[in-house]
Every structure is written in structure tokens, then in C-alpha cells.
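To start, the structure itself, in C-alpha cells.
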Amino acid sequence: MRATPGAGGRRSERPGSRVEPRVRLVLLGGFELRIKGRPVQLAASVQRVVAFVALHDRPVRRAYVAGSLWLDLPEERAAASLRSALWRIHRCCELIETAGEMLRLDPGVQVDLREAEALARRGLDGDAVDDLEVDASRLACDLLPGWYDDWVLIERERFRQLRLRSLDALCDRLSGAGRFGDALDVGLLSVAGERLRESAHRAVVRAHLADGNASEALRQYRLCEQLLREQLGIEPSERMRELIRGLDGLETER
């Protein structure tokens, strides 16, 4: 299992381990388009069209795209802005298919978000992990950080919840398989994704305990306790306290 996140959450591959797709769209950690391995620059307005269409699994109507992306413009001007963006996209490469009034991402475009979603669901599916190879860095980044459109915010939170729940589940499953180093890698990645999320801290505590490291479990508990007190003014839950109850040097009864 390769669980060390790379720069910007991009996946690091061994030379020759995979064939570079002709067109790859990156939405996690920031927008990036690569054609035959080379980055291609798109104007911000064009990026928004590509991202909007890519985030929909089914074809979307032109009028819906235009109305969602150019909210402040009259209908005719919004439609004209969309036509201009599509023309610029088609000059670049075949990114978006058009069929009458419907638009969809070309099926040949590889999207990192879809790969990460599939990986996250594998982490939640409950299958054995003895031979599971996971590049957990794919679950390290948010969707299009710095974009504040409502349609991005909704998808960003949906994916965020999916990836963090998957990391917690993977941490527990890897611990159960005796892969403690891998378990801690993904558990701490979940903590880094949201420091105030107690379930992530609990998964890390369980991994330390399963590996026989009570002192590290206590250290993680105290970090969680400090964060919750200082940031939220609350104490760790009974579920968390139960994990470390009875260990030396810590009074868990409140």
C-alpha cells in the first residue's frame, strides 16, 4: 500500500506502471487539463464549463449550463457566453460532446475525481484488505479548492464526506489485517483532512492500540481532547474515552 500523499495530492506512479491517458482532467486540489501528458491552459470561464459538465454523470441541457454559470446575465447573453466557451473548448480538443441541446463530457476523458470516488467506495465496501493496494493520496485533496460557486460547494462537501469516511474505514480494516503502518498512514490522513473530526482520531487510537502502542494511543487521545476543548468547548465522547479507559496516566471518568 502506498499511502504517502504527494505534492498537491497528485498520485506518484512508478515509471512504466501505467499508460498516460490521452486526455486527463484533474479536479482534486485544483483544476488541471493534460493532453498526451502535457498541461493545457484554459481561460477561467472555459474551466468552469468543463468542470460543471464533468461533475454531472448524465448529459445536461445547454440552457441549464448557461443559466447556472452566468446567473447575472440575461438568457440570450448567457447562451452566447456558453457558445463562445464551447467553441474555445472544441478548438483545444474533444472535451465535451454536443448532441442538440445536450452536453456531456467526452467518455474518453479520464477524470481524477471519478477514480478517487471509486477508491473511496472500495474503502467502504467491507472486503478483505490483505492484497489491497491503495494510493491514499488520492483521498487527500478537496474538490476545486478556492472555487465558491454553489454547485462546486455542494459537490465538494459530498466528496469530502465520502473520502473521510473511507479513510476511517480503511484505517480500521487495515488494523484488523495487521497492516498497522498502512493503517496509521490513512488514519492520520483523515485527521489532517479535518482535525476536529473525532471519528478520525478514534480510528488512529484503535490502530495504535491494535499495534500495542498504548503511549501513542494516549498521545492521540490527548491531541483530540485538546482540539475539541479549545476549538469547540466540548469533551471527547464516551466512545472515545472508552477506548483508553484503564490505561496508566489518564483519568477518563468525568
With Cα coordinates, the longest principal axis of the chain makes an angle with the long axis of helix 150-176, in degrees rounded to 10, of 40 degrees
For the chain, report the accessible area per residue in Å² (1.4 Å probe, heavy atoms, rounded to an integer).
-> 53 Å²
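If I compute solvent accessible area with a 1.4 Å probe over the protein chains, what percent of it on segment 140-254 is carbon and sulfur? It would help to have the intermediate numbers written out before the result.
Numbers: 2730 of 5520 Å².
Using a 1.4 Å probe with all protein chains present, segment 140-254 comes out at 50 percent carbon and sulfur.
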Pop out the carbon and sulfur fraction of the accessible area of segment 33-76 as a percent, whole number, probe 1.4 Å.
-> 47 percent
Using Cα atoms only, what is the angle between the long axis of helix 112-124 and the major principal axis of the chain, expressed in degrees (0 to 90) to the nearest 10?
-> 30 degrees
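Per DSSP helix of 4 or more residues, -39500 (n - 2.57); summed, then divided by the residues of the chain. What does that give at 222 nm, rounded to the nearest 500? Intermediate values should be presented prior to the final figure.
Details: 9 runs with 125 residues, N = 254.
It comes out at -16000 deg cm²/dmol, rounded to the nearest 500.
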For the Cα atoms of the chain, what angle does the longest principal axis make with the long axis of helix 214-227, in degrees from 0 to 90, nearest 10?
-> 60 degrees
Sort all Cα-Cα distances of the chain into consecutive 5 angstrom bins from zero, then give the percent of pairs in each bin up to the one containing the longest distance.
-> 1, 6, 12, 14, 14, 13, 11, 9, 7, 6, 4, 2, 1, 0, 0
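The values are calculated or read from the model by the stated rules, or taken from the named source; none is laboratory data. As the structure is a computational prediction, the values presented were derived from the model and not from experiment. When the accessible area is computed, the model is the full protein with side chains, heavy atoms only, and any ligands, DNA or RNA have been set aside. Shrake-Rupley method; radii C 1.70, N 1.55, O 1.52, S 1.80 Å.
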